[in-house]
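Taking it in order: structure first as structure tokens, then the write-up.
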Amino acid sequence: MKLLHTSDWHLGHTLYNYDRSYEQTDFLAQLARIVAKEQPDVMVISGDIYHYSNPSAATQRMYTEGMLSIHQACPEMTIVVTAGNHDSSSKLEIDSSLWKHFSVHVIGSIERYPNGQVNLDKHIIAIRPPSGETKGYVAAVPHVYPQNFPLLTPNASRDQRLKNFFHALLDKAIRENVRHLPIVLTAHLSVDGSDSTGHDESAGGMEYVPLSDLGQGYDYLALGHIHCPQTLRNSQQRARYCGTPLPVNFEETYPHSVSLVEIEAGQKPEIRTVAIHNPLPLVTLPPSPLPFNEALQALEEFPEDRPAYIRLNVLFESNLPGCNERASQAAKGKACKFCYIKSNRKTALQDTMNPHLYNLQEFLDKSPLEIACLYYLENEGEEMSEEMRRLMSLAIQQVKQKQTL
Ligand SMILES: [Mn+2]
């Protein structure tokens, strides 16, 4: 079975108030060309289709047209879409019945029958082209906070909810798979030991789950949520984050791609990547921080016709007045867009912990947890303990969850 694995599209994401629909539409067109060429049996999108849980009409339209052209590029292909933590699980499912006519299966949430039983069937999708035999199965789990997974057995502990769900789902898939075809599991979460370089935890920090909690018996685990592409060590090459097709922030300096995976039951999957070209790259200028005037000069010398998003990499001197205005002015009339100034300190760690030294942008770049730690340090005169941090992170998670409901 040939799988195209992609995730974390973050459609509708804006970068420092710049609309990114141009490059997002371009990505969808590239994906349609890749699908036309590769003719996969199945495409899995492992969550975070949209960046905002309430995407604009224009963004939803971009998604619909993009998905239709991807479907037309390979009408035999099954598409499985799951909700990530950025997506609204219920909104994503609104037109799921319509999408089924285009072989697109949308799994936004876990559903119960009126008798309270969990509908596990919803999460197991047979990969069967309209004109052929079943080629394999996808067991699809949308993003759900660990404590919100159903209690499948009456006396299961709170901590076992997630684990029990994955185990029950895989058991069911294995039972259905009488012909020993490949099974793909897909999930949107953070697995222990993965490299979250460039990942903006403030955009949805989640607890890390041990790989073993996701069960056994799948031939490939298609993961979403972490933006840096990677095959997990200790997974026998079976578990992979395909990464973002377009960078969501300036820290995502690695190459972006979609993954193509050849899967045979019981065998090690063969993985390759197909690069996604970003017509509007995110550029840090200059590559190493320089004093403001020199950094500004680099922006002034930046080619007029080269499209890019620019962040100025400045060695912190003191708060020079009017820096942002001067940088905006320098980018005027050019194809590039100035985003913000990253100020770097060469001072000791102690100073970097002093909140009074931060400017507004630096505060905005921090996660709620980081700000809470700074607040604690300033008021208590000591760093927050591990246990405190854990509780605080849990509390923040609860608040976020309430916001998305
Ligand atoms: Mn995510």
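The values are calculated or read from the model by the stated rules, or taken from the named source; none is laboratory data. Source: prediction; values computed, not measured. Note that each Cβ is placed from the backbone with ideal geometry, even for glycine, and that neighbours are counted across all protein chains shown.
See the values below:
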item	result
Cross-chain or 6+ apart pairs with Cβ under 7 Å, the stretch 298-311 first and touching a residue at least 24 places away in the same chain (Cβ under 8 Å), then basic (K, R) and not in a loop (DSSP other than H, G, I, E, B)	Y309/K337; I310/K337; R311/K342
Test for E65: is it part of a loop (DSSP other than H, G, I, E, B) and assigned by TED's automatic domain parsing to the domain that holds N177	no
Residue list for the stretch 251-276, restricted to those being of a type outside the set (D, E) and over 18 Å from the mean Cα position of the chain (by Cα)	V261, I263, A265, G266, Q267, K268, P269, I271, R272
Pairs, first farther than 13 Å from P281 by Cβ and without any contact (Cβ under 8 Å) to a residue 60 or more places away in the chain in the stretch 238-264, second of a type in the set (A, V, I, L, M, F, W, C) and assigned to a strand (DSSP E or B), C-beta under 7 Å, six or more apart	R238/L221; A239/V191; A239/L221; A239/L223; S257/V274; S257/A275
Selection within the stretch 280-304 - loosely packed, with under 13 Cβ neighbours inside 10 Å and within 31 Å of the chain's Cα centre (by Cα)	P287, S288
Output for the stretch 7-47, where each listed residue is buried (at least 24 other Cβ atoms within 10 Å of the Cβ) and part of a strand (DSSP E or B)	L11, V42, M43, V44, I45, S46
Sole exception among (1) over 25 Å from D26 (Cβ atoms); (2) in contact with a strand residue (DSSP E or B) (Cβ under 8 Å, 6 or more places away or on another chain); (3) modelled with pLDDT of 90 or more for A331, by number	(1)
Some residue of the stretch 103-121 being within 16 Å of the ligand (Cβ to nearest atom), closer than 26 Å to P210 by Cβ and in a helix (DSSP H, G or I)	no
Strands (runs of 3 or more DSSP E) lying entirely in the stretch 231-348 (those with 3 or more residues that are within 19 Å of D365 (Cα to Cα))	282-290, 309-315, 337-344
Matching residues in the stretch 176-195 - criterion: being within 16 Å of the ligand (Cβ to nearest atom) and part of a loop (DSSP other than H, G, I, E, B)	L189, S194, D195
Unique residue being modelled with pLDDT of 95 or more and over 19 Å from M43 (Cα atoms) when the list is F250, F316, F292	F250
The listed residue being away from the ligand (no atom under 16 Å from the Cβ), without any contact (Cβ under 8 Å) to a residue 60 or more places away in the chain, part of a strand (DSSP E or B) and not polar (S, T, N, Q), out of A126, A173	A126
Candidate set from the stretch 7-54 (those that are touching a helix residue (DSSP H, G or I) at 6+ places or on another chain (Cβ under 7 Å) and within 16 Å of the ligand (Cβ to nearest atom)); member that is farthest from P247 (Cα to Cα)	S53
